[in-house]
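The values are calculated or read from the model by the stated rules, or taken from the named source; none is laboratory data. Since this is a predicted model, take the numbers as computed values, not measurements. Note that we place each Cβ from the backbone using ideal geometry, even for glycine, and neighbour counts take in every protein chain shown. These area figures cover heavy atoms from the full protein model, side chains too; ligands, DNA and RNA do not enter into them. Shrake-Rupley method; radii C 1.70, N 1.55, O 1.52, S 1.80 Å.
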Amino acid sequence: MLKVSCSSCSHFKMRSQFIFAIIVVLVGSTVASNLAGYEGYNKYTIFHDREEAFNYMVELQTQDVDLDFWLLSRNMSIVSVSPIMQPIFEERLHELGVTYQAKPLMEEMRLFNETISSSNESDCEGSHCERSRTRRQARGFFAHFPRYTEILGFMSALSHRYPQYCRYESLGRSSEGRHLAVLSISLNSRVRQRRVAYIQAGTHGREWITPLSVLYFANEILTNIRAFQRVLSDVELYLLPLVNPDGYEYSFTNDRFWRKNRHRYPGRSCVGVDINRNFPNNWNARGASQNLCSEVFSGTSPASEPETAAISRYLEYNRNRVKLSLDVHSFGKFIFYPFGYARNAFAPTRGFLHQVALRAASQIAKYRGTTYNVGTSANILYEASGGLDDYAYGNLGIPMSFTLELPGDNFQVANSDIIHICKETFAGFVEFVRHVSLY
């Protein structure tokens, strides 16, 4: 047996610590670069219980390109405002008679600078290391926010580890040519017309927690697939964790709060389309904008974006098999079902949809008491057209279509809380899929 001297051990530890220090510096520099330009910004939490104030917020979201709405509900809004706009914005808030709290945005992001050592795995010695390697690697993956290439590597590894149950493929490419990577998971390898549960995440670049929730779901299902035989009976999971890989990467490298994709228009300085306003159901009717610089720019036409078009093609082709469409976003703790484009537009099966959503919310709450609000986004938040849920249900007749807004007070989740959000959301995913197996 080869024995290593103590001096060698010390040298190895010192070298490891040095490498880890470099990693910390590199991560820190990434954080600094993607927050450049936000000095002096304030995060406003506005409480408005009158219709006039709410309507003003809705108008601002679609028409004012200098304001970034993080959340807009009927009685509260969260808005990021630049220093030059703050006096004008506050003056209008005083005129409306609403109460608000203003906090420096950079303070909100201090959580992002928590040491990454919490996600660094402890040293492992002994024969048990090899047996536990897979599980430890998975824990490490869900203790930080991975970049695009790391996500693809994780998905590829799952397909190689479970080839009899999992297929890894590309649904298409983004505006900048990145793959829209998909995992197809099913218990039965024989060819047959299985019902499909389609789940997507990462539509908005800045919503980093959403891809991890879907990847955790995939990992847990595959790791314990025999325990889910009944749930997966004749059901295929089709999982797209990162709808918007370009915007996701850009939020790491340049702008932490980037929402849209990265579609560039010749001769125009503003970039990107809100994929969540680009689906062809009441396109650009409400809650969207034709101003290219707007955060809710709906694109030049329905499904104009390669990301939207790829999803639409898949769902259209499989419309008779897909029984569940689930779009995962962040943040707010909501489960929405159609229709979101108008307050007075109600799905014919809204009673059924409401009950399914309530059951999923109940399962989520069992983990640590997280409570979700259930209803239509038009009535809980505001009217907005062009979302996946309205398109899947209204245009394609997919019977169960939902949008899930994960927990949080902003787009940043503490590293230590990632696993807990993934675990509680997993229970909700299982409940949604269980209804596909019963449908």
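The table below lists the values:
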item: Region 138-437, accessible surface, carbon-and-sulfur percent (1.4 angstrom probe); result: 47 percent
item: Residue-by-residue Karplus 3J(HN,Hα) for region 232-241, coefficients 6.51, -1.76, 1.60, Hz, glycine and proline x; result: 8, 4, 6, 10, 9, 8, 10, 10, 10, x
item: Lys, Arg +1 and Asp, Glu -1 on Cβ, resulting dipole of region 261-311 about Cα centre, debye, nearest 20; result: 120 debye
item: Segment Arg268-Gln63, length gained on full extension (0.36 nm per residue, minus Cα span); result: 72.0 nm
item: Set of aspartates and glutamates near Lys323 by C-alpha distance (under 16 Å), chain-local residues within fewer than 8 positions excluded; result: Asp234, Glu236, Asp389, Asp390, Glu431
item: DSSP-defined beta bridges in region 138-437 - what % are antiparallel, rounded to 5; result: 35 percent
item: Calculated FRET value between Thr253 and Asn55, using beta carbons and R₀ = 35 Å, to 0.05; result: 0.40
item: Across Lys260/Lys333; Lys43/Lys333; Lys103/Lys423; Lys103/Lys366, pairs whose alpha-carbon gap is larger than 29 Å; result: Lys103/Lys423; Lys103/Lys366
item: For Leu71, residues with placed amide H under 5 Å, excluding near neighbours; result: Ile78
item: Spin-label pair His179/Arg368, simplified geometry with 7 Å Cα→Cβ offset, distance in nm; result: 3.3 nm
item: By average C-beta atoms within 10 angstrom, highest first, the peptides 370-378, 94-102, 42-50; result: 370-378, 42-50, 94-102
item: Neighbourhood net charge (9 Å Cβ-Cβ; Lys/Arg +1, Asp/Glu -1) for Glu236; result: +2
item: Two-site FRET efficiency, Ile419 against Met76, from Cβ-Cβ distance with R₀ of 35 Å, rounded to 0.05; result: 0.80
item: Extended-chain gain in nm, criterion 0.36 nm per residue less alpha-carbon gap, Met85 and Glu316; result: 78.8 nm
item: Euclidean distance of C-alpha centroids, region 255-278 and region 68-94, integer Å; result: 22 Å
item: R0 of 41 Å, Cβ-Cβ distance Gln355-Glu95: FRET efficiency to nearest 0.05; result: 0.45
